[in-house]
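The values are calculated or read from the model by the stated rules, or taken from the named source; none is laboratory data. Predicted model only: the values in this text are computed from it and were never measured. Glycine also receives a Cβ, built like all others from the backbone with ideal geometry; neighbour counts cover every protein chain displayed.
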Amino acid sequence: MAPSSDSAARSTVVALVGCDSDELLEGISDLPAVAALSLRGQDPTDAALAIATRPQPYVVHDADPLEHVAAAWVELFQERATLGTLEVEVEALLALFASGAAFMPDYYVVASPGAVEGEWRHWWFGALAHHC
């Protein structure tokens, strides 16, 4: 069940992406004001509900709502994508956002940015990729 608009996350939500996210989540799991959630690979609706229902002021998780859009974007620039794949992923995500079944985090933290390579570096850092 998707969280309704009145049950959207009231916490500050941080998506932890990149290498070493498991270790970092484990490292902050004992902080009383932080809910550290390992949600990678879960259904977006279930992840959104888990995030939205936490009472802590900060929720840090590893479920990236842009994961499929990002992969399609990277494949497009690597010339490995089927025509229209990126558009399909964007439309699917927008539908999830519109229904309340997913939402964007307030912040993204890219763990181990030096380990991010190729087009993924450009996805996460854009024009700043060469400085990471």
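Per-structure values
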| read-out | value |
| --- | --- |
| Filtered residues of segment 77-91 (kept if modelled with pLDDT of 95 or more and under 30 Å from Leu24 (Cβ atoms)) | Leu86, Glu89, Val90 |
| Some residue of segment 50-58 being touching a His at 6+ places or on another chain (Cβ under 8 Å), under 20 Å from Ser21 (Cβ atoms), of a type in the set (Val, Ile, Thr) and in a helix (DSSP H, G or I) | yes |
| Condition met for Leu66 (of a type outside the set (Ser, Thr, Tyr), at pLDDT below 95 and at negative phi) | yes |
| Near pairs, Cβ below 6 angstrom, 6+ apart or cross-chain, from segment 83-109 (among the hydroxyl-bearing types (Ser, Thr, Tyr) and in a helix (DSSP H, G or I)) to any residue that is modelled with pLDDT of 95 or more and surrounded by 15 or more Cβ atoms within 10 Å (Cβ to Cβ) | Thr85/Ala72 |
| Positions within segment 35-91 being within 19 Å of Ala101 (Cβ to Cβ) and among the polar types (S, T, N, Q), in sequence order | Gln42, Thr45, Thr53 |
| Filter result (of a type outside the set (A, V, I, L, M) and touching a residue at least 40 places away in the same chain (Cβ under 8 Å)) within segment 56-67 | Gln56, Pro57, Tyr58, His61, Asp62, Asp64, Pro65 |
| Any hit, segment 33-53, residues being touching a residue at least 24 places away in the same chain (Cβ under 8 Å), in contact with a helix residue (DSSP H, G or I) (Cβ under 9 Å, 6 or more places away or on another chain), over 16 Å from Trp123 (Cα atoms) and surrounded by fewer than 14 Cβ atoms within 10 Å (Cβ to Cβ) | no |
| Any hit, segment 113-123, residues being aromatic (Phe, Trp, Tyr), crowded, with 16+ Cβ neighbours inside 10 Å and either without any contact (Cβ under 8 Å) to a residue 60 or more places away in the chain or closer than 19 Å to Asp20 by Cβ (or both) | yes |
| Residues of segment 68-86 satisfying the condition of being buried (at least 16 other Cβ atoms within 10 Å of the Cβ) and touching a Gly at 6+ places or on another chain (Cβ under 9 Å) | Val74 |
